[in-house]
Amino acid sequence: MDTFCTMTDEELVVSYADGNDSAFDLLLSRHKQSLYTYIFYTLRDQGLAEDIFQETFIKAITTIRQGRYTETGKFKAWLTRIAHNLIIDYFRQRKNENTISNDDYEIDLLNNPSLCDDTVEMKMVKIQVLNDVKKLIDFLPDEQREVLEMRYYGNLSFKEIADITGVSINTALGRMRYAILNMRKLVTDHKMILTIN
C-alpha cells in the first residue's frame, strides 16, 4: 500500500484497471471528502448526496473496468463531471415528474389517442429502433458520442455541454453535427430504417 501512496491518480487508475482493487480504495480515500462536499453543498440533502456520491463511484468503476476511461491527468475533474451530470439528471427528472389532472382542462385528456399507451407492436418497434440507435452511437468517436449522449439522454444545453467537456460552444455544436452526419451515413450504408409511425 505504501507504494500506492506515491502513485498519481492516473497510475492508480491503470493499476485498478489491471485488477488491483487496493488502487481504487486509495483513489476513493483521496477524493471522497471533496467530492461528497461538492455534491452535498449542491443538493443540501444528505441522503440524496450519499446516493449521488455512490452512483458517481459506480459509474467511475464501470467506465474504468470497461476500459473506456481516457487518461487526461484530471481524474478528480472527471469524477466531479460525473457527479455534476448525475445532479443535473436528478433535477431534470424531478422537473419532469409533474402529474396532469384531467379536471384542469376543458378537453378530455384521458381519451386523447395521442396520450394513450402504445400497442404491443408499437412498443416492440420503438424498443428495436432505440436499440439500433444505441448501437449506432457506440460506433461514433468518443468526443461525438459524449456530446450526443449529454444532449439527447442528459437533456443538457450546448452551453452546459461545453462547460462540462471544457470546449467552446462551437466545438460542442460541431461535434454534435458530425455525430449526426456519421449516424446518417451508418444508417444509409447499412440500409437501416429508424422511423416510428
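The values are calculated or read from the model by the stated rules, or taken from the named source; none is laboratory data. All values reported here derive from a predicted model rather than from experimental measurement. Quick reminder, even Gly has a Cβ in these numbers, built from the backbone with ideal geometry, and neighbours come from all protein chains shown. Protein only, heavy atoms only, side chains kept; ligands, DNA and RNA dropped before computing areas. Shrake-Rupley method; radii C 1.70, N 1.55, O 1.52, S 1.80 Å.
Worth a mention:
- When THR195 is tested against (1) more than 30 Å from LYS76 (Cα to Cα); (2) at pLDDT 80 or above; (3) not hydrophobic (A, V, I, L, M, F, W, C), exactly one condition is not met: (2).
- The lone criterion from (1) at pLDDT 75 or above; (2) of a type outside the set (Asp, Glu); (3) out of contact with any helix residue (DSSP H, G or I) (no Cβ under 7 Å at 6 or more places or on another chain) left unmet by LEU136 is number (3).
- THR80, sole failed condition from (1) open to solvent by 90 Å² or more (accessible area, probe 1.4 Å); (2) modelled with pLDDT of 75 or more; (3) among the polar types (S, T, N, Q): (1)
The rows are residues; the columns are (1) among the polar types (S, T, N, Q); (2) touching an Asp or Glu at 6+ places or on another chain (Cβ under 8 Å).
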position	(1), (2)
THR3	yes, no
GLY19	no, no
LEU27	no, yes
ARG30	no, yes
TYR38	no, no
GLN54	yes, no
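- Against the numbered list (1) closer than 26 Å to GLU160 by Cα; (2) in a helix (DSSP H, G or I), THR72 comes up short only at (2).
- Scanning the stretch 60-69 for residues that are under 16 Å from VAL14 (Cβ atoms) and in a helix (DSSP H, G or I) returns ALA60, ILE61, THR63, ILE64, ARG65.
- If you go through the stretch 135-161 and keep only what is surrounded by 13 or more Cβ atoms within 10 Å (Cβ to Cβ), farther than 20 Å from LYS185 by Cα and among the aromatic types (Phe, Trp, Tyr), you end up with just PHE158.
- For the stretch 58-68, the set of residues classified as under 13 Å from ASN85 (Cα atoms) and open to solvent by 10 Å² or more (accessible area, probe 1.4 Å) consists of LYS59 only.
- Flag if ARG184 is over 21 Å from HIS84 (Cα atoms), at pLDDT 85 or above and either surrounded by 16 or more Cβ atoms within 10 Å (Cβ to Cβ) or among the charged types (D, E, K, R) (or both): no
- Residue ID - surrounded by the fewest Cβ atoms within 10 Å (Cβ to Cβ), chosen from residues in the stretch 91-100 that are more than 15 Å from ILE164 (Cβ to Cβ) and of a type outside the set (Asp, Glu): THR99
- The single residue among ILE88, ILE52, ILE39 that is touching a Leu at 6+ places or on another chain (Cβ under 7 Å), open to solvent by less than 80 Å² (accessible area, probe 1.4 Å) and modelled with pLDDT under 90 turns out to be ILE88.
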